[in-house]
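Working notes for the structure below.
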Amino acid sequence: MSDVRPVNLPPGREAATLAGGCFWCLETVFDDLKGVDRVESGYSGGGVPHPTYRQVCTGTTGHAEVVQLDYDPGQISYEELLRVFFDIHDPTTLNRQGPDYGKQYRSVIFFHDAEQERAAQNMKDELERAGRFPRKIVTQIVPAAGFWRAEEYHQRYFEKHGIAACRTH
């Protein structure tokens, strides 16, 4: 498998692409983490290039709402990002987070290389063994493919609208 890295990734930075329901809810949490340089809301995992929010909401494109992070692994590890990811959404609900439902709200870790794949699988296995959740974790772990940045009005949505936090978690 070849690495799938964002083209504009600065030297010394890594990428993480995660889906755990509404991208606004993920964006606001990851944006506050030390070592995370950039958070973009977008779409991944589907078959339609350059999808719009309206298209993704139909559930027919196959995309999930995601955040793509650029981070400094010297300040925050991929494993730490995964721990936050599993803490801020319910990885046991299939295609649903809070009141949002549909494939676009599924829980997915889109790995960018074999090291991320191993880390994601190890974290999922560790959480299952520890009984961290009352039900089986349904989070998918799949190779990163295309990332399509969401429309500008979705970027930093909570900040733009004076919303403090996501109400579904």
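The values are calculated or read from the model by the stated rules, or taken from the named source; none is laboratory data. Fair warning: this is a prediction, and the values are worked out from it, not measured in the lab. Here the Cβ positions follow ideal geometry from the backbone for every residue, glycine too, while neighbour counts run over all protein chains shown. For accessibility, only protein heavy atoms count, side chains too; no ligands or nucleic acids. Shrake-Rupley method; radii C 1.70, N 1.55, O 1.52, S 1.80 Å.
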Any hit, the range 98-109, residues being touching a residue at least 40 places away in the same chain (Cβ under 8 Å), open to solvent by 10 Å² or more (accessible area, probe 1.4 Å), farther than 17 Å from TRP148 by Cβ and among the aliphatic types (A, V, I, L, M):
no
Just give me the residues in the range 13-27 being of a type in the set (A, V, I, L, M, F, W, C) and within 8 Å of the chain's Cα centre (by Cα), in sequence order.
ALA16, LEU18, ALA19, PHE23, LEU26
Expected output for the range 116-130 (first residue free of Cβ contacts under 8 Å to residues at least 40 places away in the same chain, partner in a helix (DSSP H, G or I), Cβ below 9 Å, 6+ apart or cross-chain) is ALA120/TYR78; ALA120/LEU82; ASN122/GLU79; LYS124/LEU82; LYS124/PHE86
Residues that are more than 25 Å from LEU9 (Cβ to Cβ) and surrounded by fewer than 17 Cβ atoms within 10 Å (Cβ to Cβ), drawn from the range 110-127
ASP125, GLU126
PHE86 vs. criteria touching an Asp or Glu at 6+ places or on another chain (Cβ under 6 Å) and open to solvent by less than 10 Å² (accessible area, probe 1.4 Å):
no
Among (1) surrounded by 14 or more Cβ atoms within 10 Å (Cβ to Cβ); (2) out of contact with any Phe, Trp or Tyr (no Cβ under 7 Å at 6 or more places or on another chain) - the single one ALA130 does not satisfy
(1)
Out of the residues in the range 47-76 that are surrounded by fewer than 20 Cβ atoms within 10 Å (Cβ to Cβ) and touching a Ser or Thr at 6+ places or on another chain (Cβ under 6 Å), which is nearest to ILE141 (Cα to Cα)?
VAL48
Can you tell me which of (1) more than 24 Å from ARG135 (Cα to Cα); (2) within 14 Å of the chain's Cα centre (by Cα); (3) free of Cβ contacts under 8 Å to residues at least 24 places away in the same chain is the one PHE30 doesn't meet?
(3)
Cross-chain or 6+ apart pairs with Cβ under 6 Å, the range 134-149 first and closer than 16 Å to ILE88 by Cα, then at pLDDT below 95 and surrounded by fewer than 17 Cβ atoms within 10 Å (Cβ to Cβ):
VAL138/LEU94
ASP37 passes all but one of (1) open to solvent by 70 Å² or more (accessible area, probe 1.4 Å); (2) at pLDDT 95 or above; which number fails?
(2)
Residue among LEU69, LEU81, LEU33, LEU18 that alone is assigned to a loop (DSSP other than H, G, I, E, B) and out of contact with any His (no Cβ under 8 Å at 6 or more places or on another chain)
LEU33
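Just to be sure I understand, how many residues within the range 31-71 are among the β-branched types (Val, Ile, Thr) and under 11 Å from ALA150 (Cβ atoms)?
Summing the residues that are among the β-branched types (Val, Ile, Thr) and under 11 Å from ALA150 (Cβ atoms) in the range 31-71 gives 4.
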